[in-house]
Amino acid sequence: MTTLVKSVQRLTFEHKLVLGYDTTMRFSQLFTKTRHEAPKDEVSKNAQLLIRGGFIHKEMAGVYSYLPLGLRVLKKIKIIIREEMNAVGGQELILTALQEQKIWEKVGRWDDEKVDVWFKTKLKNNVELGLGFTHDEQLVNLLTEYISSYRDLPLYVYQIQTKFRNELRAKSGIVRGREFVMKDLYSFNRTEEEQDEFYEKIKVSYMNVFSRCGIADRTYFTFSSGGTFSQYSNEFQTISDAGEDIIYLDANKRIAVNREIMDDKVLSDLGLRKEDLTEEKAIEVGNIFKQGTKFTDPFSMSYKDEQGEKKSVVMGGYGIGVTRLMGTVVEVLSDERGIVWPVEIAPFQYHLIELGGANPSVRERVLATYQALTEQGFEVLYDDRDESAGVKFADADLLGIPTQIIIGEKTLDEGDGIVEVKDRKSGEGGYINIQEILQS
């Protein structure tokens, strides 16, 4: 098989069911349009490119709508996350965005002096509610009705849901939003040792997520403050000039330390040497931390062990910013021409570009190729617009679909079944028989 053809996973029935869309789309049917320029008030690269490509629409600072192309990417990231969370025993649910004051007061996090990112509102009867910025308290309150015995544990529950945070700064596009999508998983264990075992599994599953999204080579396991929970919590930081965090990285050991805890004692604890570290800007794409019994004890969440003794449930929290992850991919994998999507999360696998569609022979070859690809379950965006080759190629590079299939009058001269293929990332291209793609 030629190196121009990537091994591409066809969508399974289950994936199509979750994604809820057909595998193909004609460019002329997209209501979105590409733009030469992003809004002048948009300074982040991820938002500029995503807006120009028609993936998102800016509603206000830190608040974006996801348009058809962007929603396809977002759904694919969610599928990856679901698969990895389910693989470690996670059970998915979805909690309410509206939060009761009394639940959050039990741990003291309703107070605006302690949590300064609340969006709060009132019902018609003046009862105050909050829009969830996380869901630790609500989930613990819910699970007190379901956990009472050692037989009920361990339990791993997660959701992928919209969160709301009243951020002071919202100039980083979808990397830092006031309304955003987050995956938050919570572990409930009988002992700290049991939780430690799960913690190690989550480290692996998180790197699997980042690998499948194409950024594992520049994402590092990072030590940060554990607060009142433990000595350290851990972040997954992706090196990027757009990052808001500063980390000190040992590239050989593939671990880093957040600047907030950087000192000689920490370096000694972690077996790091200052001379081996480089200072880097980074984006936090995930975090995992041990919460102990801080949330479970105030809600009297306990279980009876095998001897009938009452014990506290040990808890952990594990987050991935789903929309932030999408923005980070754009920040670190784009080039001067536009976005470069990894295969697993690209909106489509192939971008079929028709040149000279007025020629009946060209149109016939394009439609035959389109039909053959779709019948085999590949995802195809077909650019059937009456536009110049320059416009079509520029838009294809901006949208960043991994492989471009080009058919024009020159292609016909190469023989039956021949198409031109170009790799978006490397720019390499050449002529191949369409059967090489269909059989890949």
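The values are calculated or read from the model by the stated rules, or taken from the named source; none is laboratory data. Bear in mind that the values here come from a model prediction, so they are computed numbers and not experimental data. In this analysis, Cβ positions are derived from the backbone assuming ideal geometry, glycine residues included, and neighbour counts consider all displayed protein chains.
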Of the residues in the stretch 234-256, those that are under 15 Å from Val329 (Cβ atoms), in contact with a Ser or Thr (Cβ under 7 Å, 6 or more places away or on another chain) and assigned to a strand (DSSP E or B) come to Phe236, Gln237, Thr238
Per the filter on the stretch 23-48, residues aliphatic (A, V, I, L, M) and farther than 30 Å from Tyr370 by Cβ are Ala38, Val43, Ala47
Residue under question is Val313, and the condition is that it be of a type outside the set (Asp, Glu), at pLDDT 95 or above and more than 20 Å from Glu37 (Cα to Cα); does it hold? yes
Query raised in the report: Quick check: anything in the stretch 64-74 part of a loop (DSSP other than H, G, I, E, B) and under 25 Å from the mean Cα position of the chain (by Cα)?
Result: yes
task: Considering every residue within the stretch 384-401, establish whether at least one is closer than 29 Å to Arg218 by Cα, part of a loop (DSSP other than H, G, I, E, B) and in contact (Cβ under 8 Å) with a residue 60 or more places away in the chain.
output: yes
Just one listed residue, out of Ser224, Ser230, is surrounded by fewer than 21 Cβ atoms within 10 Å (Cβ to Cβ) and in the same structural domain as Lys294 (by TED's automatic domain parsing), and it is Ser230
Reported set for the stretch 402-417 where residues are touching a Phe, Trp or Tyr at 6+ places or on another chain (Cβ under 8 Å) and part of a helix (DSSP H, G or I) is Thr411
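So if I check each of Lys281, Lys290, Lys311, which one is out of contact with any Gly (no Cβ under 7 Å at 6 or more places or on another chain) and of a type outside the set (A, V, I, L, M, F, W, C)?
Lys311
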Filtering the stretch 345-361 down to residues that are in a helix (DSSP H, G or I) and either at pLDDT 95 or above or within 20 Å of Lys425 (Cα to Cα) (or both) yields Ile345
Condition set touching a helix residue (DSSP H, G or I) at 6+ places or on another chain (Cβ under 6 Å) and outside any strand (DSSP E or B), scope the stretch 155-179, selection nearest to Lys114 (Cα to Cα): answer is Val175
Residues in the stretch 180-215 that are assigned to a strand (DSSP E or B) and over 23 Å from Gln291 (Cβ atoms) total 0
Scanning the stretch 109-136 residue by residue, the ones that are closer than 16 Å to Phe164 by Cα and either among the hydrophobic types (A, V, I, L, M, F, W, C) or part of a loop (DSSP other than H, G, I, E, B) (or both) total 14
Taking the stretch 82-106 and the residues there that are in contact with a helix residue (DSSP H, G or I) (Cβ under 6 Å, 6 or more places away or on another chain) and touching a residue at least 40 places away in the same chain (Cβ under 8 Å), the one that is surrounded by the fewest Cβ atoms within 10 Å (Cβ to Cβ) would be Leu95
Given (1) over 20 Å from Ser28 (Cβ atoms); (2) over 22 Å from the mean Cα position of the chain (by Cα), Arg385 misses just (1)
Exactly one of Ile247, Ile288, Ile283 is at pLDDT 95 or above, hydrophobic (A, V, I, L, M, F, W, C), surrounded by 20 or more Cβ atoms within 10 Å (Cβ to Cβ) and under 15 Å from the mean Cα position of the chain (by Cα), and that residue is Ile283
For Glu375, the lone unmet condition from (1) at pLDDT 95 or above; (2) farther than 26 Å from Val329 by Cα is (1)
| message | Just to be sure before I move on: is Glu59 over 26 Å from Thr296 (Cα atoms), in the same structural domain as Gly173 (by TED's automatic domain parsing) and surrounded by fewer than 18 Cβ atoms within 10 Å (Cβ to Cβ) in the structure I sent? | response | no
- Query: Quick one: is Thr144 of a type in the set (Ser, Thr, Tyr), surrounded by fewer than 17 Cβ atoms within 10 Å (Cβ to Cβ), over 18 Å from the mean Cα position of the chain (by Cα) and under 25 Å from Leu168 (Cα atoms)?
  - Reply: no
query = Is the stretch 288-310 home to any residue that is in contact with a Ser or Thr (Cβ under 8 Å, 6 or more places away or on another chain), among the small types (Gly, Ala, Ser) and within 29 Å of Arg212 (Cβ to Cβ)?
reply = no
